[in-house]
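The values are calculated or read from the model by the stated rules, or taken from the named source; none is laboratory data. Computed from a predicted structure; not experimentally measured. Every residue, glycine among them, receives a Cβ derived from its backbone with ideal geometry; neighbour counts consider all protein chains shown.
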Amino acid sequence: MNVKDLYIDFFLKHGHKQIPSAPVVPENDPSVLFNTAGMQPLIPYLMGQKHPYGTRLCDYQKCIRTNDLDEVGDTTHHTFFEMLGNWSLGDYFKEESITWSFEFLTSVLKIPVEKLGVTVFSGNDSIPFDKESYEKWLSLGIKKERIAILEDNFWIAGESGPCGGDTEIFYFRSDEEVPQEFDPEDDRWVEIWNNVFMEYFKEQNGAVKELPNKNVDTGMGLERITSVLEGVNDNYVSSIWKDVINLIEEISKLPYKGNEQSMRIIADHLRTAVFISADPAGIKPSNTDQGYILRRLIRRAIRHAKKLNIDIFSNWEEQIAKLLIEKYKKYYKELEENEKVVLEVLKTEKEKFNKTLEKGLKEFKRVSDKDIDATTAFHLYDTYGFPIELTKELANELKINVDEKGFQEKFIQHQELSRTASKGKFKGGLSGNSEIETKYHTATHLLNAALKQVLGNDVHQKGSNITEERMRFDFSCDHKLTEEEKIKTENLVNEWITKGLEVTKVEMKKEDAIKSGAECMFIEKYPDIVTVYKIGEISKELCGGPHVKNTKEIGHFKIKKEEASSAGVRRIKAIIE
Ligand code: SER
């Protein structure tokens with residue numbers, strides 16, 4: 001059994017339910033581009049909403065972090081990684097959480113206790129020292145020299161949200177003798193697991209209040225724990241990457257040694273690109289948001305392929321993507337289901353970049369009779385998609401200079417502008433429980449039912465996204481809606497709202513719910529007993545809520561836009577007035 005299976009097995013034995021990995025593009029949290037931690041899809045539940053699977057959960061979650069994109073190329077950074085996690089939603093707390101983490105590491109994975117060190121929260125002005133965790137570790141046999149008490153052991157995803165003190169577990173990854181004292185600043189000690197005791201909520205304005213429940217949120221990076229267990233200091237030579245690196249060696253006819261950086265970048269970036277483009281959100285390379293990240297990843301991989309003298313017009317990227325899909329499809333079936341889409345995305349973007357690459361090279365030739373200033377370097381980046389490294393490399397060959405510092409300043413300004421733009425666009429933060437979001441949530445069910453009446457029963461929900469300002473609804477449909485279809489749909493929804501239909505909720509067996517014809521988007525996401533929301537006689541859907549009690553509460557529904565989302569999927573943007 002591999003670590004992923006051992007981990008799930010262990011927590012199932014301790015009364016947890018396995019939840020499926022959520023998509024990499026968050027379904028209900030427009031405040032971030034990607035899920036960056038296992039807890040992200042669980043935020044509403046950490047805040048008190050009842051989870052359909054109960055109070056003890058575990059999973060492996062696909063995560064993407066692109067803030068340290070530039071660090072990829074070293075031995076440990078990845079843009080995509082899998083996070084193993086277990087959660088208590090107001091169930092067990094520090095005692096069990098620490099005991100199980102210790103047991104899993106030392107008894108299941110057989111890591112010697114002598115190689116472990118831990119950190120514990122020292123407390124601050126408003127929150128006391130975490131004495132309970134400290135004493136628990138001592139009682140399990142961790143020596144006091146191996147426990148570091150730190151003030152910054154407090155975990156939160158971003159600026160606001162559920163948070164709390166944490167205790168981190170470190171492993172001494174080195175052939176040297178393990179020092180008596182644990183020093184978290186010493187790079188030979190690597191963090192392998194983080195147990196966060198989420199009992200607070202930090203507001204946007206900085207105020208911290210208590211959550212309704214004391215929760216546990218733990219996260220362990222699969223890539224790191226695997227390399228620890230396999231005794232390697234470079235993640236890319238562990239079993240997770242070995243075959244991918246071997247294939248890149250084969251395609252480029254070059255050895256890994258001496259070409260590590262480019263090979264790691266190609267392997268890492270293509271893996272992330274494969275997962276993003278296989279996601280149900282249907283992301284395509286573009287110049288904004290997730291699409292922009294996807295574009296940069298693919299282009300950076302292409303540039304490094306070129307650096308390795310790989311014929312970039314050949315099907316090199318397809319070979320690598322196919323291997324990645326093969327490796328991961330057992331755990332993530334969307335990779336296999338969307339294989340065609342993934343290969344198409346990579347190929348199209350490659351062809352596009354190959355075109356601008358040529359034009360960009362011409363432009364470079366034109367401007368390279370003198371040193372490249374910041375504006376020119378930025379123009380090459382912005383218009384021809386040239387990463388600064390490429391510009392520098394070309395300049396080096398001609399022995400001219402590039403104002404890299406000036407470029408970075410412009411780049412940061414540009415990034416800040418896009419960040420501000422996306423913050424503005426996504427203001428409203430987490431979607432979930434506010435009154436207006438609840439109304440939108442019920443309106444989503446009504447829209448789903450109305451589309452079925454107008455277009456036929458083949459119409460199925462493909463995704464939805466709610467903020468305080470609007471709702472977005474994706475559905476399968478092979479044509480652009482006519483004006484008449486749009487009006488009919490809008491009128492039906494408003495008719496049902498005005499009628500004042502009761503919204504009721506019942507719990508039933510999943511199979512009975514499906515037999516009764518209840519709508520459901522991701523059947524595998526639901527446990528055996530499910531909640532079904534009914535709206536009068538017109539809609540029946542498996543759903544976790546929350547919803548209004550009566551459709552009258554919703555207000556007036558208006559379709560603002562209908563457009564293509566991806567092949568065979570249309571998107572409606574609508575508001576409530
Ligand atoms: N949320 C914490 C982390 O990402 C523990 O899962 O480290």
query: Cβ-Cβ below 7 Å, separation at least six or inter-chain, first residue in the stretch 276-290 and more than 16 Å from Cys63 (Cβ to Cβ), second in a helix (DSSP H, G or I) and of a type outside the set (A, V, I, L, M, F, W, C): which pairs?
result: Pro280/Glu334; Lys284/Gly291; Pro285/Gly291; Pro285/Arg295; Pro285/Glu349; Ser286/Tyr292; Ser286/Arg295; Asp289/Ser422
task: Check whether at least one residue in the stretch 111-119 is buried (at least 16 other Cβ atoms within 10 Å of the Cβ), within 15 Å of the ligand (Cβ to nearest atom) and either in contact (Cβ under 8 Å) with a residue 60 or more places away in the chain or under 30 Å from Glu260 (Cβ atoms) (or both), and report yes or no.
output: yes
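Has the stretch 145-162 got any residue that is hydroxyl-bearing (Ser, Thr, Tyr), assigned to a strand (DSSP E or B) and crowded, with 16+ Cβ neighbours inside 10 Å?
Taking the stretch 145-162 first, the residues hydroxyl-bearing (Ser, Thr, Tyr) are 160.
From what's left, assigned to a strand (DSSP E or B): none.
Looking for residues that are hydroxyl-bearing (Ser, Thr, Tyr), assigned to a strand (DSSP E or B) and crowded, with 16+ Cβ neighbours inside 10 Å, one finds none in the stretch 145-162, hence no.
Of Leu323, Leu343, Leu335, Leu308, which residue is buried (at least 22 other Cβ atoms within 10 Å of the Cβ) and either at pLDDT 90 or above or of a type in the set (Ser, Thr, Tyr) (or both)? Outline the logic, then answer.
Values: Leu323 fails: buried (at least 22 other Cβ atoms within 10 Å of the Cβ); Leu343 fails: buried (at least 22 other Cβ atoms within 10 Å of the Cβ); Leu308 fails: buried (at least 22 other Cβ atoms within 10 Å of the Cβ).
Matching residue, one of Leu323, Leu343, Leu335, Leu308: Leu335.
Anything in the stretch 39-67 that is within 14 Å of the ligand (Cβ to nearest atom) and in contact with a His (Cβ under 7 Å, 6 or more places away or on another chain)? List them, or say none. Lay out the reasoning, then the answer.
Step one: list which residues in the stretch 39-67 are within 14 Å of the ligand (Cβ to nearest atom), which gives 39-43, 45-46, 57-65, 67.
Passing the criteria: Tyr45, Leu57, Cys58.
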field: Residue check for Gly291: on the phi > 0 side of the Ramachandran plot and surrounded by fewer than 22 Cβ atoms within 10 Å (Cβ to Cβ)
entry: no
- line: Filter the stretch 2-23 for residues that are within 15 Å of the ligand (Cβ to nearest atom) and aliphatic (A, V, I, L, M); the one that is surrounded by the fewest Cβ atoms within 10 Å (Cβ to Cβ) is Ala22
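Given the structure, is Arg224 within 16 Å of the ligand (Cβ to nearest atom), more than 16 Å from Ile43 (Cβ to Cβ) and surrounded by 17 or more Cβ atoms within 10 Å (Cβ to Cβ)? Outline the logic, then answer.
Values: within 16 Å of the ligand (Cβ to nearest atom): yes; more than 16 Å from Ile43 (Cβ to Cβ): yes; surrounded by 17 or more Cβ atoms within 10 Å (Cβ to Cβ): yes.
In short, yes.
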statement: When Glu96 is run through (1) outside any helix (DSSP H, G or I); (2) over 19 Å from Arg295 (Cα atoms), the failure sits at (1)
task: Could you please find all residues in the stretch 206-219 being surrounded by fewer than 18 Cβ atoms within 10 Å (Cβ to Cβ) and either within 14 Å of the ligand (Cβ to nearest atom) or part of a loop (DSSP other than H, G, I, E, B) (or both)?
output: Gly206, Ala207
field: Complete set of residues in the stretch 16-56 that are in contact with a Gly (Cβ under 7 Å, 6 or more places away or on another chain), farther than 21 Å from Lys510 by Cα and not in a loop (DSSP other than H, G, I, E, B)
entry: Ile43, Pro44
task: Only residues that are over 14 Å from Phe34 (Cβ atoms) and touching a Leu at 6+ places or on another chain (Cβ under 7 Å): list them for the stretch 275-312, please.
output: Pro285, Ile298, Ala301, Arg303, Leu308
message: I'm trying to understand the selection: among the residues of the stretch 161-183, which are free of Cβ contacts under 8 Å to residues at least 60 places away in the same chain and within 15 Å of the ligand (Cβ to nearest atom)?
response: Cys163, Gly164, Gly165, Asp166, Glu168, Phe170
statement: Residues of the stretch 184-205 being more than 16 Å from the ligand (Cβ to nearest atom), out of contact with any Lys or Arg (no Cβ under 7 Å at 6 or more places or on another chain) and without any contact (Cβ under 8 Å) to a residue 40 or more places away in the chain, in sequence order, are Glu185, Asp186, Asp187, Asn205
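Does Lys284 satisfy the condition of being surrounded by 15 or more Cβ atoms within 10 Å (Cβ to Cβ), within 16 Å of the ligand (Cβ to nearest atom) and among the basic types (Lys, Arg)? Explain how you work it out, then say what you get.
Working: surrounded by 15 or more Cβ atoms within 10 Å (Cβ to Cβ): yes; within 16 Å of the ligand (Cβ to nearest atom): no; among the basic types (Lys, Arg): yes.
For Lys284, the condition - surrounded by 15 or more Cβ atoms within 10 Å (Cβ to Cβ), within 16 Å of the ligand (Cβ to nearest atom) and among the basic types (Lys, Arg) - is not met.
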query: Any idea which of Thr36, Thr76 is farther than 21 Å from His441 by Cα and away from the ligand (no atom under 13 Å from the Cβ)?
result: Thr76
- request: Quickly run through the stretch 161-175 and pick out the residues that are charged (D, E, K, R) and either at positive phi or at pLDDT below 95 (or both).
  value: Arg173, Asp175
message: Looking only at residues that are assigned to a loop (DSSP other than H, G, I, E, B) and surrounded by 13 or more Cβ atoms within 10 Å (Cβ to Cβ) in the stretch 134-144, which one is farthest from the ligand (Cβ to nearest atom)?
response: Lys143
field: Answer from Gly158, Gly90, Gly123 - the residue that is within 16 Å of the ligand (Cβ to nearest atom), of a type in the set (Gly, Ala, Ser), out of contact with any Asp or Glu (no Cβ under 6 Å at 6 or more places or on another chain) and at positive phi
entry: Gly158
message: If I ask for residues that are among the hydrophobic types (A, V, I, L, M, F, W, C), in a strand (DSSP E or B) and more than 28 Å from Ile576 (Cβ to Cβ), which ones from the stretch 498-515 would you list?
response: Met508
